[in-house]
């Protein structure tokens with residue numbers, strides 16, 4: 001009788017250990033799949049972008065931007081062209097074409113909207129989802145009266 005009870009206890013312990021082990025293996029497989037599914041990205045920076053603000057046919061000042069952007073490395077390898085110059089061009093077009101920007105109050109400027117618009121525009125031109133995010137490192141405005149000009153000849 002004692003042997004039967006002992007065999008029963010050992011059997012129940014083996015079943016419980018098997019269930020726990022199977023749960024651990026499934027959890028590890030799922031976490032490994034999640035890690036493999038994340039994108040490999042690379043951060044890049046643009047050079048300084050100067051955008052003239054023209055009003056009534058006269059240059060009123062310059063918007064100066066320095067952007068950083070994140071690219072998907074896997075999509076970059078399959079893309080038709082690199083997005084580097086396209087990011088600069090689209091940022092220039094965005095700021096130059098937006099007459100609603102109040103350069104006296106840059107704290108009210110919607111940088112998130114600009115970031116989303118730049119990501120969408122660059123990815124549309126590259127025809128791939130290469131650019132993941134665009135960040136603004138510097139965004140200032142310099143009136144034309146304070147801008148350094150070229151020295152006279």
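Computed from the coordinates by the stated procedures, all read-outs in this text should not be read as laboratory data. The structure displayed is predicted, hence computed values, not measured ones.
Descriptive notes on the structure:
- GNM flexibility winner over the chain from 119, 136, 58 (Cα, springs under 10 Å): 58
- Gain in span if fully extended, residue 55 to residue 77, counting 0.36 nm per residue against the direct Cα distance: 3.7 nm
- Shown here is the pair-distance distribution of segment 41-143: with all Cα-Cα distances grouped in 5 Å bins from zero up to the longest one, the shares run 2, 13, 24, 24, 16, 10, 6, 3, 1, 0 percent.
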